[in-house]
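One structure is given below, encoded as structure tokens.
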Amino acid sequence: MSVVRAAVLPAVGSPLEITGIVLPEPGPGQVRVRLAAAGVCHSDLSLSNGTMRVPVPAVLGHEGAGTVVSVGEGVDHVAPGDGVVLNWAPSCGSCHHCAIGEVWLCAHALTGTANVYTVTEDGRELHPGLNVAAFAEETVVAAGCVLPVPDGVPLTDAALLGCAVLTGYGAVHHSARVRAGESVAVFGVGGVGLATIQAARVAGASTIVAVDVSPEKEALARAAGATEYVVASDTTAKEIRKLSGGQGADVAVECVGRATTIRTAWDSTRRGGRTTVVGIGGKDQQVSFNALEIFHWGRTLSGCVYGNSRPAEDLPVLAEHIRAGRMDLSALVTERITLDGIPGAFDNMLAGKGGRALVVF
Ligand SMILES: [Zn+2]
Ligand SMILES: [Zn+2]
């Protein structure tokens, strides 16, 4: 047992509390990790305001990497001292989706969030946010939630692999299956949007149009590989069609999770184009299509969960792109903060500012 500092969500809609939590030694099948860094993802904000729900009180944070401190009985794929990426959606290996190879849809991926894994210093029971409770100096997770950091990837950068990069890369490579020479429009230039732009560049996309409500993100988007930048307005779809040969983009990736953006993304693609939605919206966001346009345009619209990724297979591929300089994870980070900076990072997200804020321990 020892006490570490963590960002606790006491109740849905309440501000985060930075406080001490009592961390137990890892039990059988568990791993204790000392965090090097943790990214502040939009899903953390969605969990704190109730757009997404997990049992509370909880330690948030699901995009992290660190060093193994100790392992429980039966854990042999990592050892103390190893660098690991946290995987917030471990697959059970035995449900219907795991059996047919769609591990990102595992029926039991979030069952661990129902467990009480520890208590605050003042005795309140705590759930591990999205399984990994990465907004803490140290955490104890199920063995399936840790993957070795590939060689050549700095530990702090590796944190981003755990959510933004797997999601953006997977949206491009697994969901939309972008081919060389295709045009891609990316809606929302946050951490996932920037990773998506980089992944589109790696896929050999010809035109990459970045779209955001803020004109201030143009330089960030262009540095990630965007060839065009559009400030969102009523004419966004028309502008994208013009920028992609008059036909519309081959692929649109929506990283926002709003009805209007999803509809605009779909409208900005060519006849037969593909739209992938990685943004997580609320139940109140209704998107409507008429029956004739669905037929006429022959477009597809797909949801994409965690990049439709198999993390253990994707991490070595991503590491290859990072080592070769084709992807640059530190370019996604616009702010380095401490645990106390997370509420400010939420405010920036709500205001549409910046890329990824990274908690560095
Ligand atoms: Zn995330
Ligand atoms: Zn499963």
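Please treat every number below as a calculation from the coordinates, not as lab data. Remember, predicted model here, so these are calculated numbers, not experimental data. When we count neighbours, we look across all protein chains shown, and the Cβ atoms used for this are built from the backbone with ideal geometry, even at glycine.
Would you compute the Debye intensity of region 168-305 from its alpha-carbon atoms alone, equal scatterers and no solvent, and pass along log10 I(q)/I(0) at q = 0.21 Å⁻¹ to two decimals? At q = 0.21 Å⁻¹ the computed log10 ratios are -1.27. Farthest towards the positive end of the charge dipole of region 281-344, among the residues GLY298, LEU318, GLY281, is the Cα of GLY298, using unit charges on the Cβ of Lys, Arg, Asp and Glu. Loop-located chymotrypsin sites (Phe, Trp or Tyr not before Pro) in region 213-312 (DSSP state not H, G, I, E or B) with no more than 16 neighbouring Cβ atoms inside 10 Å: PHE289. Within the same chain, aspartates and glutamates fewer than 8 places from LYS242 are excluded, and of the rest, those with a Cα less than 14 Å from its Cα are GLU228, ASP250, ASP267.
Rounded to the nearest 5, what % of the DSSP beta bridges within the chain are antiparallel ones?
In the chain, DSSP labels about 60 percent of beta bridges as antiparallel.
For the chain, a Gaussian network of Cα nodes joined below 10 Å ranks GLY144, GLY162, GLY307 by mean-square fluctuation, and the top entry is GLY144. Using the alpha-carbon positions of region 25-130, Rg (one decimal) and Dmax (whole number) come out as 14.7, 45 Å. Under a Gaussian network description of the chain, with springs only between Cα atoms under 10 Å, the residue in ALA195, ALA205, ALA312 that fluctuates furthest is ALA312. I need the shape label for the chain. Rule: rounded when a/c is under 1.5, else prolate if a/b > b/c, else oblate, with a, b, c from the alpha carbon gyration tensor. Since a/c reaches 1.5 and a/b is larger than b/c, the shape of the chain is classed as prolate.
Counting only DSSP H runs of at least 4 residues, each contributing -39500 (n - 2.57), and dividing by the residue count of the chain, the helix-based mean residue ellipticity at 222 nm comes to -6500 deg cm²/dmol. For a straight C-alpha distance cut-off of 27 angstrom, the lysines reachable from LYS238 (same-chain residues fewer than eight places away being disregarded) are LYS217, LYS353. Computed over the chain with a Gaussian network model linking Cα atoms closer than 10 Å, the most mobile of LYS242, LYS283, LYS217 is LYS283.
What is the local net charge at GLN198, summed over the other residues whose Cβ is closer than 11 Å to its Cβ (Lys, Arg +1; Asp, Glu -1)?
Numbers: positive: ARG201, ARG326; negative: ASP328.
After counting each charged neighbour, the total is +1.
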